[in-house]
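For reference, the structure discussed in these notes is given below.
The values are calculated or read from the model by the stated rules, or taken from the named source; none is laboratory data. Remember, it's a predicted structure, so these values are computed and weren't measured experimentally. A quick note on method: Cβ atoms are made from the backbone with ideal geometry, for glycine too, and the neighbour counts reach across all protein chains shown.
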Amino acid sequence: MVENFFQDDKLHEECGVFGIFSHTEDVALNTYWGLYALQHRGQESTGIVVTDGKKMKIKKGMGLVPDVFKEGVSDMDGFAAIGHVRYSTTGASMAYNIQPLKVFFDGGNLALSHNGNLTNAAQLRQNLAKEGAVFTTTVDTEVLLSLIALSARPTIEERIAESVKQIRGAFAILLMTDNKIIAVRDSYGFRPLVLGKMENGWCVASESCAFDLVGAEMVRDVKPGEMVIIDSDNAEPRSMMWCDKLPEKTAHCIFEYVYFARNDSVIDNQPVYDARIQMGRELAKETKDIHPDIVISAPDSGTPAAIGYALESGIPFMEGLNKNRYVGRTFIQPTQKQRANAVRLKLNPIRSVVAGKSVVMVDDSIVRGTTSGKVVKLLKEAGAREVHVCISSPPVVDSCYYGIDTSERKQLIAARCTEDEICRFIGADSLHYISMEGMKRAVSHIDPEGLCLACFSSRYPDNADEVIAAEPKPLAEGE
């Protein structure tokens with residue numbers, strides 16, 4: 001599986017959520033388009049649930065958005081909808097874990113979509129099971145539905161606030177009742193969540209790029225620790241802070257700007273593309289001792305930083321690697337003789353561009369080092385005289401517990417090897433990671449002290465490593 005080969009050398013996307021409230025728009029169709037725009041955040045499964053005020057209708061399945069909804073959504077009538085695209089960070093990649101989750105409780109119908117990871121889910125699950133709660137999935141967020149159902153508070157907003165205070169970790173959550181959508185963001189702001197306005201309606205999504213596709217205008221980010229209640233087409237959504245005391249600093253995920261988010265998104269007032277261009281500029285400033293002939297990227301994620309590198313250094317940017325964008329998640333396995341060249345199914349050097357040249361190849365990250373080494377080898381086989389690898393993020397040395405599927409620490413090459421050792425392993429003439437300070441400078445619209453850098457520094461803003469270590473081991477299915 002070539003796709004898996006490449007994905008194993010990247011941090012995996014987390015999930016994406018989208019919701020819309022409107023009595024004049026086709027909410028199911030707009031949710032479909034919104035999820036299409038967020039497909040990069042999860043390709044394993046997707047789902048949409050719609051309410052007409054009395055009942056909810058749900059469609060979901062394993063696979064990409066156009067595949068799951070190939071029969072359309074014309075039979076999903078209503079005035080509010082939420083959707084989800086998933087890459088499993090907790091819970092098996094199985095049909096019963098597909099979101100949105102939908103339940104019925106004493107307050108009526110309730111549906112939920114979640115992006116993030118709850119670090120104390122196993123303990124909560126164990127406690128709830130002792131109280132008689134039953135679970136139909138292995139998804140961490142199902143505990144929130146149980147907490148809401150068990151709450152004795154008089155309103156759904158109060159029940160949600162009481163329940164959210166008991167969960168730990170990263171979360172951008174959309175909940176939908178029979179007549180409203182409620183958006184909740186964790187108090188650190190780990191995962192993004194943005195609010196948009198349509199001509200007659202409101203929408204909320206993981207990234208602003210989803211608004212462009214449905215004709216909505218971005219209004220603002222949902223604030224860390226905030227709950228936004230949407231129950232009218234045109235009245236301003238109600239806002240309340242579910243968090244009694246905010247942390248001293250936010251902890252916005254830096255990898256949204258390095259790799260995860262789409263180039264055309266704006267997250268927490270920071271244009272993603274601008275940050276990536278500036279990361280490339282900072283790399284160029286930090287590597288003035290290199291004198292290459294051309295700058296190329298590892299497409300597509302390394303391209304904005306490579307352009308920034310070229311702009312700062314004055315060295316021309318060229319397409320040195322051709323990417324086959326039609327390679328799916330599966331393909332006919334190559335024979336043993338062909339396996340060594342399987343990487344070419346996804347990337348292939350453009351010989352006329354790189355032959356005889358000293359090349360700077362810019363990429364966003366190195367996780368295991370497997371892909372980088374094979375691409376360097378391809379470039380040299382194509383005649384590149386030198387290959388200097390420049391990475392627009394610092395070395396990834398530790399796991400993420402906030403909704404990103406990071407490899408175990410022992411599998412992270414930077415956790416066990418020095419920069420020189422990694423350089424030799426991938427066969428590059430030199431290897432340069434952006435400095436932590438250079439990366440912080442690149443995200444110029446955000447307070448650098450308000451970023452989560454745990455995967456680079458091993459310093460977790462809410463001590464998630466200690467919470468995870470203290471969690472009970474979850475029971476295997478059937479135990």
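A few points about this structure:
- When residues of the range 422-467 are limited to those that are surrounded by 16 or more Cβ atoms within 10 Å (Cβ to Cβ) and of a type in the set (S, T, Y), the one farthest from the chain's Cα centre (by Cα): S430
- All strands (runs of 3 or more DSSP E) inside the range 14-130 with 3 or more residues being under 22 Å from G189 (Cα atoms): 15-21, 80-86, 108-118
- Residue count for the range 392-421, restricted to those that are buried (at least 19 other Cβ atoms within 10 Å of the Cβ), among the polar types (S, T, N, Q) and modelled with pLDDT of 95 or more: 2.
- Residues of the range 296-349 satisfying the condition of being at pLDDT 95 or above and either among the basic types (K, R) or in a helix (DSSP H, G or I) (or both): T303, P304, A305, A306, I307, G308, Y309, A310, L311, E312, S313
- Close Cβ contacts (under 8 Å, 6 or more residues apart or on different chains) running from residues in the range 97-115 that are on the phi > 0 side of the Ramachandran plot to residues that are among the polar types (S, T, N, Q) and at pLDDT 95 or above comprise G108/T177.
- Screening the candidates K440, K380 for the property of being in contact with a strand residue (DSSP E or B) (Cβ under 8 Å, 6 or more places away or on another chain), within 30 Å of I267 (Cα to Cα) and charged (D, E, K, R) yields one hit, K440.
- None of V397, V389 is touching a Lys or Arg at 6+ places or on another chain (Cβ under 9 Å), assigned by TED's automatic domain parsing to the domain that holds L453, among the β-branched types (V, I, T) and within 28 Å of L453 (Cα to Cα) except V397.
- Counting only helices (runs of 4 or more DSSP H) that fall entirely inside the range 350-418 and contain at least 2 residues that are under 27 Å from the mean Cα position of the chain (by Cα), the qualifying elements are 370-381, 413-416.
- Breaking point among (1) more than 18 Å from H23 (Cβ to Cβ); (2) of a type outside the set (G, A, S); (3) part of a loop (DSSP other than H, G, I, E, B), for M227: (3)
- Among the residues examined, V103 qualifies as touching a Leu at 6+ places or on another chain (Cβ under 6 Å) and farther than 20 Å from V228 by Cβ.
- Criterion applied to M279, M227, M241, M218 was being at pLDDT 95 or above and surrounded by fewer than 17 Cβ atoms within 10 Å (Cβ to Cβ), and the one residue passing it is M241.
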